[in-house]
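S.K.: Take a look at this one; I'll ask things after.
Every number in this text was worked out from the coordinates using simple rules, so none of it is lab data. Every value quoted in this text rests on a predicted model; they were computed, and no experiment measured them. Virtual Cβ from ideal backbone geometry, glycine too; neighbours counted across all protein chains shown.
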Amino acid sequence: MQCFHCGRVVQETTHTQRNYAVDYYRLHTGKTEWEFLTSLRDDGLPHRYLKLTQAIDINTCIQCYARPEIRQRLDDDFNGRRSLIDI
Ligand SMILES: [Zn+2]
């Protein structure tokens, strides 16, 4: 497994008796498209949501996760503003 952002190999979380070490975070994402529910909400607007059309797991190492610009990209993907995998 590799970090999606810097390409380094990431290790599984290791556990000791008192501690554990996390080396990466996994984001479950993928290709999405906006879908509209046909039923209308109380305010008369159709409900819009992101439908996952192809699931992809993205690994982010702890060094990349500490970088604000990478956090922003993960956040943008999570909120549907900009997909990580279309870039
Ligand atoms: Zn990385």
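S.K.: For the chain, what percent of Cα pairs sit more than 23 Å apart?
M.R.: Roughly 39 percent, once rounded to a whole number.
S.K.: Okay, moving on. Under 5 Å between amide H atoms, partner at least 5 residues away or on a different chain: which partners does H5 have, H built in plane at 1.01 Å?
M.R.: Hits under the 5 Å cutoff: C61.
S.K.: Now for a separate question. Can you list the chymotrypsin sites (Phe, Trp or Tyr not before Pro) in the stretch 21-87 that are in a DSSP coil and have 10 or fewer other beta carbons within 10 angstrom?
M.R.: Here no chymotrypsin sites (Phe, Trp or Tyr not before Pro) fit, given the DSSP loop and packing criteria.
S.K.: Measure nothing but the geometry: give the 0 to 90° angle between the long axis through the Cα atoms of 68-79 and the longest principal axis through the Cα atoms of the chain, rounded to 10°.
M.R.: 40 degrees
S.K.: Test of the criteria: in the chain, which GluC sites (Glu not before Pro) are in a DSSP loop and have at most 15 other Cβ atoms within 10 angstrom of their Cβ?
M.R.: Qualifying residues, ordered by number: E12.
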